Structure formats: structure tokens, C-alpha cells
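Here's the structure, in C-alpha cells; my notes come after.
The values are calculated or read from the model by the stated rules, or taken from the named source; none is laboratory data. Predicted model only: the values in this text are computed from it and were never measured. All Cβ positions, even for glycine, are placed from backbone atoms using ideal geometry, and neighbour counts span all protein chains on display. Accessible surface is based on the protein model in full, side chains and every heavy atom, while ligands, DNA and RNA are left aside. Shrake-Rupley method; radii C 1.70, N 1.55, O 1.52, S 1.80 Å.
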Amino acid sequence: MLTQDPQIRPGERPDDLEEELAAALPETQGSRFFPMLRRLAWHLLAFLLLAAAAYILWREFHEIRLSDVTAAIRAWGWDSTILAILFSAFSFALMGLVEWMGMRWVGSKVPPGQAFAGGFIACALSHSLGANLLVSGAVRARFYAKHNVPLRQVAAITLFNSFTFTVGLSFLAGFSLILAGRNDIATVSRIATPVADSLGALLLLGVASYLVLCGVLHRPIRAFGHTVRLPSLKMAFTQLGIGTVDNAMAAAIIWVLLPDGAVSYFTFVGAYAPSVAIGLISHVPGGVGVFEGTLSTLLRGINPAGLAAAFLGYRLFFFLIPLLIAGLALAADTVQERTRRKAA
């Protein structure tokens, strides 16, 4: 997708890999103009969002007791717990599929098993550490170095994954907001029905615009200081389908852990999607606190202990466990690669 390529020899791991990769990725974190001011602005935004989230979480949960949360966790039962784990596993499997698709799209010959492993490790680490583009790109660059994947392709795969996630989340949110709005979303959330309908239509319009651009623009376009080639229309529809299901599985992890009958799935997703977006914008690692605070604000009428327990389950099944597995897998791969190089 990107045609600008930093100079790097195949198989070589530069010491300043993150700087090389940042040069290959579009500047989605801001402009180069007044870089110090930009960094301060992002830090201030993250601080303000985190402070607001801390206040909201205190307001919503300060009266609950640990015993209440423990009781809510026990109320999950084995069926909900297993479903949450399966939803998380299925979501990461789809991320691996997107990784493999991205590999094929850029013309890389990395074996499917390695592509799935690289996608899982990159996504699991970037979800928890924040700065998704740069972190996931750096992890990919180091993991795929043994396969001689150049940074241009690493950057393109990273963007392909990002586009798939964004299109899928936007479609799921737009569809859910409109559908939930017809079922009177205002009764179980703080999103007014007209706002839900308008925001849903706007998100669906954005997805439709992306599909149209992929269908009519067959030449590379200039964006973010780089030349970008959009996927084909067929590939864009595939991104839409997989990205939607992936985000639907991630949202279902929390929803299935909520108390029975607390909120309908589509109404929940209508609040979940903007909470994810705000968590990403905050640049707080994993959106911790910001995501929970936003979702708590948008939803109402849910037992606070049950909601807190669902948040804990979500962080455990979708963040901590994958992070632990990915960290061990990356460490094992690094040791194996060093051993192979010494033996060569």
C-alpha cells in the first residue's frame, strides 16, 4: 500500500528500527510542524481524558464493594466464561487472517503460520502498550526480519490491518446505532435516538465512501506525505466483512459477561464502538480507564458491580492473557533466532 521505502538490506535489523519504521508509516500521530507542541498537546489530551475517566469511574463505582464484584464474577458461570474466552480467541484468529491477507496484498512470501503468529504477537502487544501503528509495526519488523520482509511491506501490512479494523468498527457501530435507535436506545443508554441515528448514518456513509474509493481509484494517491495504493474493491469488501466480525467478537466479550438482560447486544455495541475510539485517541496504553469511563457514561441502568466485573473479564481475556502469550512467544522466537544465527 505504501511505495516509499526506507533503505534497509534484507534480513538486517537496524538499531533505530522504530525511527526507520516511523519514516515508512504515514504521520497519523500529527504533523511535523511544531513537533514539541504536538507532543505536549497529545500528552495534555491523554492526561485530561485519563483524569476525566478516573472521575467517572470513581463516581460510578466508588460505592460498590469487592464482595459485590466477586459475586458478579461468580455469576458468570462456566458458559459465559468459556464464551468470552472463545470470542477472544476467535477475534485474534481473525486478526491473524487479516495479517495473512495483508502479506498476500503486499506480495510477501511469509508462510501462513508465521503470518498468523506475527499478527497475533503484534496485535496483542500493541493493544496493551498503545501507539498501535508504531508498536505493531516495530514488532512486525523484528519478527519478519528472518523472512527478509522490507520495512515498506511492514508499514503496508500495518496500515492494511489498521484500515480493516477501522472499517469494521465503523460499520458495526453505524449499523448498531441505527438498529438500536429504532428500539429506543435512550431507555438503556445516554445516547439520544436522533444522535444515534445521525452518527450511525455518518459512519455508514464513511464506510461506503471507502468502498467507492477502492472501486474507482486504481492509481496510487498521495496522502500523509506518502504514495498510498488502496485495495481493490473485492479486497475492501473482504476487509469490511472480517473487520466487522472481529470487532463484533471483541464487543461480545464484555456483553456476554454482563448480567442477564442488562442491555441488548446492538445497543451495547452502539456505546462500545465510540468508547474504543476514544480509548485509542487518548494514547493511554490499552485505553485503560478511558475506555471504561466512556462506556460507563454512555450506558445506564446496569448494575455497577456487574459492569465492573465485565470490565475485569474483558481486560483479562482480551488483553492480559494474550499479552502474556505474545510476550512469551516473542521471547522464544528471539532466542531461537539468535541460536540459529550463532549456529550458522
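Here are the numbers for the structure shown:
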read-out	value
Any chance residue 119 is within 20 Å of residue 326 (Cα to Cα), open to solvent by less than 20 Å² (accessible area, probe 1.4 Å) and modelled with pLDDT under 85	no
Flag for residue 179 being in contact with a helix residue (DSSP H, G or I) (Cβ under 6 Å, 6 or more places away or on another chain) and modelled with pLDDT under 80	yes
Helices (runs of 4 or more DSSP H) completely within segment 250-344 that count 2 or more residues being more than 16 Å from residue 125 (Cβ to Cβ), among the aliphatic types (A, V, I, L, M) and modelled with pLDDT of 85 or more	265-281, 304-315
Candidates 52, 84 - the one that is modelled with pLDDT of 90 or more and farther than 23 Å from residue 330 by Cα	84
